[in-house]
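Structure first, then comments.
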Amino acid sequence: MKRQAFSRTTASFFLNLLFPRRCAACDASLRFDNDDYLCRDCLKKIHWLSGPLCSVCGRPLFGKVVEPVTCSACLENPPHFDRARSVFFLERAGREFILKYKYGSNLHLCRPAARWMAERGGRFYSWDDYDGWLAVPLHPRKSRERGFNQSLLLARRFSRLVSLAAAGGGLSRSRFTRTQTRLTLARRRENVRGAFRVGRPKKVWRRRLLLIDDVYTSGSTVNECARTLKSAGAAAVEVLTLARVRL
Ligand SMILES: [Zn+2]
Ligand SMILES: [Zn+2]
């Protein structure tokens with residue numbers, strides 16, 4: 001066992017001579033054994049999410065808060081998912097990290113990302129509560145363009161770390177949706193309405209599901225996935241994303 005660990009370290013040392021590890025946020029060169037792919041300064045700039053949070057959508061709450069508390073947005077417009085939680089804010093080093101992963105095709109960043117989801121996500125959720133996981137699907141066209149589904153890669157690696165099985169419900173995009181970046185919350189909801197389908201409803205019937213995505217922006221995408229899964233009979237849908245936009 002010791003010998004194996006030794007040879008792994010030696011291998012990554014030599015591999016690093018050929019492909020030096022670089023910080024995903026500031027591009028500084030890193031030690032061969034830096035498994036976060038962030039230098040110490042940038043790691044400090046990651047704003048991890050912690051309480052107090054809205055008990056439903058996970059939005060951070062400020063001031064004196066006695067938990068559990070539900071934010072006004074969730075009270076006015078209760079989401080279809082039961083809970084949503086994220087690991088860090090999509091800002092500063094966290095934003096750079098996501099950009100490098102998602103748009104720069106730096107797939108190795110999936111490793112620390114999945115580890116953080118397991119460790120930090122474990123502060124909010126208990127993995128035994130779920131029957132299986134699902135990832136938010138990309139439309140096949142987008143998947144072809146990008147070459148990978150960033151949420152699916154995250155979910156696969158994360159699920160191995162926490163020993164959670166794939167739900168296998170066959171959640172897919174039934175139509176192409178416009179990019180959401182410039183839409184208001186109401187338009188986002190409308191834009192994704194009916195965008196998903198469950199190919200194998202039997203697999204989600206009465207199941208407690210963990211839905212994985214890379215970024216939580218307005219929540220409208222995961223909300224629509226949850227609506228679709230619940231109308232197929234899912235008992236619960238809870239959401240875990242790597243990053244979250246501060247709204
Ligand atoms: Zn850095
Ligand atoms: Zn809320």
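Listed values, structure above:
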| item | result |
| --- | --- |
| Any hit, the stretch 198-218, residues being touching a residue at least 40 places away in the same chain (Cβ under 8 Å) and among the acidic types (Asp, Glu) | yes |
| The stretch 41-63 residues that are β-branched (Val, Ile, Thr), paired with ones that are away from ligand 1 (no atom under 16 Å from the Cβ) and part of a loop (DSSP other than H, G, I, E, B) (beta carbon under 7 Å, 6 or more apart) | Val56/Thr70; Val56/Pro79 |
| Condition broken by Trp127, with the remaining ones in (1) within 16 Å of ligand 2 (Cβ to nearest atom); (2) closer than 20 Å to Val222 by Cβ; (3) within 19 Å of the chain's Cα centre (by Cα); (4) not basic (Lys, Arg) satisfied | (1) |
| Any chance Glu96 is assigned to a loop (DSSP other than H, G, I, E, B) and more than 15 Å from the chain's Cα centre (by Cα) | no |
| Residue check for Ser143: within 18 Å of the chain's Cα centre (by Cα) and either surrounded by fewer than 20 Cβ atoms within 10 Å (Cβ to Cβ) or among the polar types (S, T, N, Q) (or both) | yes |
| Residue tally, condition in contact with a His (Cβ under 9 Å, 6 or more places away or on another chain) and of a type in the set (D, E, K, R), over the stretch 71-98 | 2 |
| Total residues in the stretch 85-114, condition touching a helix residue (DSSP H, G or I) at 6+ places or on another chain (Cβ under 7 Å) and either without any contact (Cβ under 8 Å) to a residue 60 or more places away in the chain or of a type in the set (Gly, Ala, Ser) (or both) | 5 |
| Every residue from the stretch 77-113 that is at pLDDT below 95 and within 13 Å of ligand 2 (Cβ to nearest atom) | Asn77 |
| Within the stretch 38-91, considering residues that are among the β-branched types (Val, Ile, Thr) and within 27 Å of Arg193 (Cβ to Cβ), the one surrounded by the fewest Cβ atoms within 10 Å (Cβ to Cβ) | Thr70 |
| Scope the stretch 34-76; condition among the acidic types (Asp, Glu), away from ligand 1 (no atom under 16 Å from the Cβ) and either part of a loop (DSSP other than H, G, I, E, B) or under 18 Å from the mean Cα position of the chain (by Cα) (or both); matching residues | Glu67 |
| Any hit, the stretch 223-240, residues being hydroxyl-bearing (Ser, Thr, Tyr), within 21 Å of Arg188 (Cβ to Cβ), crowded, with 20+ Cβ neighbours inside 10 Å and in contact with a helix residue (DSSP H, G or I) (Cβ under 8 Å, 6 or more places away or on another chain) | no |
| Sole residue being more than 16 Å from ligand 1 (Cβ to nearest atom) and of a type outside the set (Asp, Glu), chosen from Leu30, Leu18 | Leu18 |
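The values are calculated or read from the model by the stated rules, or taken from the named source; none is laboratory data. Quick caveat: nothing in here was measured; it's all calculated off a predicted structure. Cβ coordinates were reconstructed from backbone atoms using ideal geometry, including for glycine residues, and neighbour counts include every protein chain displayed.
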